[in-house]
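Visitor: Take this structure first; my questions come after.
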Ligand SMILES: NC(=O)c1ccc[n+]([C@@H]2O[C@H](COP(=O)([O-])OP(=O)(O)OC[C@H]3O[C@@H](n4cnc5c(N)ncnc54)[C@H](O)[C@@H]3O)[C@@H](O)[C@H]2O)c1
């Protein structure tokens, strides 16, 4: 996909560099912005685009159709609001902010200016998530009774203001909200500093969505990187791997044990081997899909209600939306 939209990326760190690569392929990338001149200038040179150390310069000096913000969460409120005030559609990396009040201010600015803000909850663009949502909607698993999510790995290289709840857990919280089309009515959290006295490095959530139980495990102290979702419905059980983009569905095949001579048999279910189905779908780069979607929204002047991002933030911080 290539649009003629003029774009800029603010923040050229780990995530920003991925945005820059995709914006350079899919739009007319005009400028990149980073406080770190050395890093910013070398990346601007690589892509043959302008470099600014201060994002406010792009409002004065460039005519930009859309901007992507991939700076640390503590900067999101100020940068996003300034872009929206300048009537520039924004793709904002998740979390919308680390602070609920800041997130609400950003959303108020969206409403005030009626400008597009897409918060980059990247897993919504993962083909495995899109497919499992379709299968759930078609009731292929029957009524959902429980979801278990696991998102664990080692310590990130750079932590800055990242916190495990708004950095890792927020992904699965948003995906469960999306899959169930609702918010939880009960939240229990357990966050601990295990190996680092200054930093919470594991967080678990037990969430109730009416009668559906959800357990989310996140940690920065695991040797293996795992990103999985297990969804139990009364007709089947799905295993979703976010990284490998695979879905396996195990369908129940049980019938009542019938032995006319025994009343006990009425209580028994006879289980055969579950029917295992490996679901076919095309694997795609989620960030590319997210950015393409954003650019399509910019072209079509689509406005999105970003309240999903505030809800995910509130739950990550242990508050009911
Ligand atoms: N969707 C995902 O899976 C995912 C993964 C990693 C990070 N992220 C998000 O991306 C964002 C950035 O994270 P990162 O890991 O790239 O961080 P990073 O520290 O690697 O990069 C941030 C960059 O922003 C620059 N910066 C800071 N303040 C700035 C300002 N006011 N103006 C311009 N530049 C500024 C820094 O100099 C740095 O280069 C965060 O919101 C993070 O949560 C999302």
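Visitor: Listed highest first by mean packing, meaning other Cβ atoms within 10 Å per residue, what order do 86-96, 38-48 come in?
Guide: The peptides rank, most packed first, as 86-96, 38-48.
Visitor: Determine the relative contact order of the chain: mean sequence separation of Cα pairs under 8 Å and six or more apart, normalised by residue count, in whole percent.
Guide: Contact order relative to length: 18 percent.
Visitor: Moving on to the next point. Expressed as a fraction of 2.2 N^0.38 Å, the rule-of-thumb size for a compact globular protein of N residues, what is the C-alpha radius of gyration of the chain?
Guide: The reported ratio for this selection is 1.13.
Visitor: So for the range 1-78, averaging the separation of alpha carbon pairs under 8 Å that are six or more residues apart and normalising by length, what relative contact order in percent results?
Guide: 39 percent
Visitor: Then there is this: If I fit a long axis through the Cα atoms of helix 286-300 and take the longest principal axis of the Cα atoms of the chain, what angle between them do I get, 0 to 90°, rounded to 10?
Guide: So the helix axis and the longest Cα principal axis differ by about 60 degrees.
Visitor: A further question follows. The range 10-88: percent of C-alpha pairs farther apart than 17 Å?
Guide: That fraction is 39 percent.
Visitor: Could you give the distance between the Cα centres of the range 94-141 and the range 184-215, to the whole Å?
Guide: One Cα centre to the other: 20 Å.
Visitor: How high is the relative contact order of the range 20-128, given as a whole-number percent (alpha carbon pairs under 8 Å, six or more residues apart)?
Guide: 19 percent
Visitor: Would you look at the GNM of the chain, springs on alpha carbons closer than 10 Å, and say which of 231, 69, 212 moves the most?
Guide: Comparing 231, 69, 212 in the GNM, the peak value goes to 212.
Visitor: Among 216-222, 315-321, how do they line up from the highest to the lowest mean number of other beta-carbon atoms within 10 Å?
Guide: 216-222, 315-321
Visitor: Where does helix 76-85 land angle-wise versus the long Cα axis of the chain, in degrees 0 to 90, nearest 10?
Guide: The answer is roughly 60 degrees.
Visitor: A further question on this structure: In Å and from the alpha-carbon atoms only, list the Rg and Dmax of the range 42-199.
Guide: 18.7, 55
Visitor: Just order 144-157, 3-16 by mean Cβ neighbour count inside 10 Å, highest at the front, would you?
Guide: So the order, starting with the most tightly packed, is 3-16, 144-157.
Rule-based calculations on the coordinates, nothing more; no lab input. Predicted, not measured: the structure shown is a model, and the values here were computed from it. Using ideal geometry, Cβ is built from the backbone for each residue, glycine included, and neighbour counts are taken over all protein chains shown.
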